[in-house]
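Structure, as structure tokens:
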Amino acid sequence: MSNSFRTIRSIAKKEIVEFVRDWRTLIAIILIPLLLFPILFIALPLLLESEAAELDALRLDVEWQGAFDDELNTSLSEQKLDITMGTFPVDMENLSDPSSDIERLRSGEVDAILRLKQTGDDTWNYSVIQLSTSEHSREARSRILTELYYWEQSVINRTLTDAGLDPEETLDPVRWEGDEDAANAATSGEKAGLALSMFIPMVLAIWTATSAIQPAIDMTAGERERGTLEALLCLPCTRIELLAGKWLAVATITSVGVGLQIGGLIFAITYLASATSLGVPTISLGAGLLLLFAVVIFAVMVVAFELAIAMKAHSVKEAGTLLGPAILIIIFPALFTQIINLDGVESWWYAVPLVNILLAMRELLLDRIIVDHVAIWAISSALYAGFAAWYAARQFKREDLVASLS
Amino acid sequence: MADALLSIEGVAKHFGDVEALSLIDLEINSGQVIGLVGGNGAGKTTLLRLMAGVMEPTNGSITFQGLPVTNMRSKLGVVPEATGLYHRLTAWENIRFHSRIHGIDDEVAWNRTAHFAKLLSIEDSLGRHTKGFSRGMRQKTALLRALAHGPDILLLDEPTAGLDVTSARTVRSLVGKLRDEGGTVIYSTHHLAEARQVCDRIIIVHNGTVRADGSPEDLMGQTGKESLEDAYVALTSDKARSRSEDNQKEGRIARWWRLFLTGRTPAVEVGEDE
């Protein structure tokens with residue numbers, strides 16, 4: 001093992017040990033990434049489901065004003081709506097005017113008010129007065145509208161039948177034949193790849209950038225502020241070795257965080273895949289390796305860039321002030337890249353910094369290896385990563401780093 | 001000279017427009033404890049940093065046994081003023097990290113550390129995290145760290161600053177022991193009594209220049225004074241400048257923003273008394 005490699009390894013090891021000895025760091029880089037997607041994809045739907053079930057079980061109070069219909073009344077009652085008959089407001093010109101009922105809704109005396117006015121033999125006007133900021137009122141309105149729809153269908157069918165027409169043929173003359181899903185040539189793995197390509201690159205980019213910030217600041221501006229950098233610079237190692245050691249440490253910590261997040265995501269998807277029609281993505285070995293290369297080169301660039309910015313700062317506060325907004329440089333391209341149409345995308349997009357890697361990840365998750373695109377993003381990204389490393393090296397060679405602030 | 005351990009020839013150091021050191025010529029021979037004495041902003045720390053090879057001189061050269069000192073940092077042991085210990089590592093882990101970068105085997109480093117730790121009475125604290133260490137404990141640990149790889153020269157930047165009497169005495173005693181064993185120590189301080197007690201040779205640095213260089217007796221004889229303090233005052237009678245680090249350039253935007261927020265500081269009138 002060469003001396004240089006041993007030095008870099010020692011620096012990286014020290015940085016990692018020191019970093020992970022802070023329990024807050026362990027929560028930030030292990031627990032949160034690991035639980036983020038399972039919480040989002042599993043716990044949140046479960047919570048929503050439970051809340052919806054709770055709402056479904058509620059009995060709600062509805063006042064019915066105006067024309068009465070037995071059939072509608074029966075179906076509304078079956079939806080756990082307690083119907084009471086009320087008086088239709090005198091001189092009402094507009095059914096949607098809450099008028100004096102507004103206070104009764106606000107006080108919770110009733111959850112919703114159905115107003116129905118017969119305008120012909122088989123025609124009616126209606127409105128549902130509700131308080132949209134109340135869950136109960138919204139739910140009551142929703143149940144009333146659903147039953148009104150079915151009642152309307154029933155009225156239409158009856159009218160058509162009375163006129164000697166077949167309701168199905170009259171209302172739905174052009175129909176799909178067969179299984180709609182079977183008509184899609186994409187496999188479930190490809191469909192899953194498409195779904196993942198819409199957010200995996202964005203998550204990777206944003207998480208890599210954000211999770212590298214804390215260690216990058218701690219190992220650079222933090223060292224300056226704590227007064228440990230001067231002693232480090234007195235050691236018989238070059239500034240490039242120092243940068244490489246710190247880069248390796250930040251990259252390792254970031255990779256662990258991102259890896260755990262992806263692990264959590266895959267677990268959540270696997271859970272969802274067993275419960276829904278969403279499949280596990282299938283990509284070839286070549287696409288997988290290129291994907292890994294894209295992630296690595298992106299990490300090289302981002303970590304070097306963040307180390308450079310943090311080293312440029314004189315204090316942790318200053319580094320945070322500089323790097324906080326710098327994250328927008330990652331977030332905006334990450335968002336924009338999601339809406340670029342991959343079919344027929346112009347090749348120059350693959351040379352735009354950040355966008356190129358994100359597009360590459362999207363393409364590779366769809367198992368598309370387009371040689372021209374790969375060549376452009378690989379070469380341009382290598383150049384950008386090289387530039388970021390060069391810039392970081394410049395910052396690490398600055399003489400004023402010696403003057404610690406402690 | 002051929003047998004000089006460290007040679008400083010025509011060294012000047014500028015920070016932008018500020019000349020921190022000018023035309024320093026020194027030779028450091030082995031087996032001596034050399035005191036760098038001077039007030040705040042005199043240039044002691046800058047000179048030590050140049051000797052430690054972490055800064056390059058603007059002019060001149062610094063060589064260790066004929067080779068550029070920047071390539072010979074493994075021969076030096078440095079204790080900066082801030083000590084530079086990692087608080088989440090134990091004392092031994094701090095020492096071992098530095099020894100490994102020096103390419104020293106862990107066992108060798110441990111044996112040397114254990115030897116000096118007994119002299120400094122901190123052998124029981126080597127396994128403790130340095131976060132709770134007192135200033136004295138931190139200083140002693142930094143000393144152990146600087147000694148673990150067996151340096152030819154030890155550079156100490158104000159090693160007793162902020163220490164209690166007992167700790168300062170222990171540190172001085174260790175420096176004396178190192179001298180007795182033939183070691184070379186360069187010791188920056190602004191305490192003349194301490195310099196007289198510990199150092200064989202005193203270099204007085206003032207406003208970035210070497211004002212005097214010799215044994216305490218030489219300096220007193222040179223100035224015709226009876227105490228080292230009087231000799232120092234006589235040699236540094238011109239007004240001391242502000243610290244070089246304080247003269248950092250302020251960017252145009254930063255200056256505009258500062259003036260916008262705080263207004264101008266009124267100039268101090270310097271005139272004749274009424």
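The values are calculated or read from the model by the stated rules, or taken from the named source; none is laboratory data. Treat the numbers as computed from the prediction; the structure is a model and nothing was measured. Reconstructed Cβ throughout: ideal geometry from the backbone, glycine too, with neighbour counts over all protein chains shown.
A few notes on this one:
- Answer from A:Asp122, A:Asp172 - the residue that is farther than 22 Å from A:Gln65 by Cβ and at pLDDT below 95: A:Asp172
- Any hit, segment A:141-149, residues being under 36 Å from the mean Cα position of the chain (by Cα) and either assigned to a strand (DSSP E or B) or small (Gly, Ala, Ser) (or both): yes
- The residues listed here are B:Val108, B:Val171; of these, the one that is under 23 Å from the mean Cα position of the chain (by Cα), of a type outside the set (Asp, Glu) and not in a loop (DSSP other than H, G, I, E, B) is B:Val171.
- Near pairs, Cβ below 6 angstrom, 6+ apart or cross-chain, from segment A:179-196 (more than 19 Å from A:Leu342 (Cα to Cα)) to any residue that is surrounded by 14 or more Cβ atoms within 10 Å (Cβ to Cβ) and at pLDDT below 85: A:Ser188/A:Gly279
- Conditions (1) surrounded by fewer than 11 Cβ atoms within 10 Å (Cβ to Cβ); (2) closer than 30 Å to A:Leu242 by Cβ; (3) away from every other protein chain (no Cβ under 14 Å): number failed by A:Asn94: (2)
- Segment B:72-114, subset among the aliphatic types (A, V, I, L, M) and more than 9 Å from chain A (Cβ to nearest Cβ), residue farthest from A:Leu242 (Cα to Cα): B:Ala114
- One residue from A:Ser96, A:Ser127 being within 18 Å of A:Glu147 (Cβ to Cβ), within 42 Å of the chain's Cα centre (by Cα) and either small (Gly, Ala, Ser) or not assigned by TED's automatic domain parsing to the domain that holds A:Gln153 (or both): A:Ser127
- Residues (at positive phi and within 17 Å of the chain's Cα centre (by Cα)) located in segment B:1-30: none
- Search result, residues across segment A:24-38 that are within 30 Å of B:Ser99 (Cα to Cα) and away from chain B (no Cβ under 11 Å): A:Arg24, A:Leu26, A:Ile29
- Residue match in segment A:283-291 (condition: of a type in the set (Gly, Ala, Ser) and at positive phi): no
- Qualifying residue in segment B:13-26 (condition: closer than 28 Å to B:Ala148 by Cα and either surrounded by fewer than 17 Cβ atoms within 10 Å (Cβ to Cβ) or in contact (Cβ under 8 Å) with a residue 24 or more places away in the chain (or both)): yes
- Criterion: away from chain B (no Cβ under 14 Å), assigned to a helix (DSSP H, G or I) and among the hydrophobic types (A, V, I, L, M, F, W, C) - qualifying residue of A:Phe41, A:Phe19, A:Phe68, A:Phe5: A:Phe41
- For segment B:123-149, the set of residues classified as of a type outside the set (D, E, K, R) and within 13 Å of chain A (Cβ to nearest Cβ) consists of B:His129, B:Thr130, B:Gln139, B:Thr141, B:Ala142, B:Leu143, B:Leu144, B:Ala146, B:Ala148, B:His149, listed by residue number.
- Condition check for A:Trp176: in a loop (DSSP other than H, G, I, E, B), more than 14 Å from chain B (Cβ to nearest Cβ) and of a type in the set (Phe, Trp, Tyr): yes
- Segment A:212-227, subset surrounded by fewer than 23 Cβ atoms within 10 Å (Cβ to Cβ) and within 11 Å of another protein chain (Cβ to nearest Cβ), residue nearest to A:Ile309 (Cα to Cα): A:Gly222
- Residue selected from segment B:31-63 under the condition within 19 Å of B:Gly183 (Cα to Cα) and under 17 Å from the mean Cα position of the chain (by Cα), by the criterion nearest to the other protein chains (Cβ to nearest Cβ): B:Ala52
- Segment A:84-95, residues that are over 13 Å from A:Gly66 (Cβ atoms) and modelled with pLDDT of 90 or more: A:Thr84
- Matching residues in segment A:333-344 - criterion: being within 24 Å of the chain's Cα centre (by Cα) and not acidic (Asp, Glu): A:Pro333, A:Ala334, A:Leu335, A:Phe336, A:Thr337, A:Gln338, A:Ile339, A:Ile340, A:Asn341, A:Leu342
- Those residues of segment A:333-346 which are modelled with pLDDT of 85 or more and either among the basic types (Lys, Arg) or out of contact with any helix residue (DSSP H, G or I) (no Cβ under 8 Å at 6 or more places or on another chain) (or both), in sequence order: A:Asn341, A:Asp343, A:Glu346
Residues are listed down the side, and each one gets a yes or a no for (1) in contact with a helix residue (DSSP H, G or I) (Cβ under 9 Å, 6 or more places away or on another chain); (2) closer than 29 Å to B:Ile24 by Cα; (3) at pLDDT 90 or above; (4) surrounded by fewer than 20 Cβ atoms within 10 Å (Cβ to Cβ):
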| position | (1), (2), (3), (4) |
| --- | --- |
| B:Asp157 | yes, yes, yes, no |
| B:Ile203 | yes, yes, yes, no |
| B:Glu226 | yes, yes, no, yes |
| B:Arg264 | no, no, no, yes |
| B:Asp273 | no, no, no, yes |
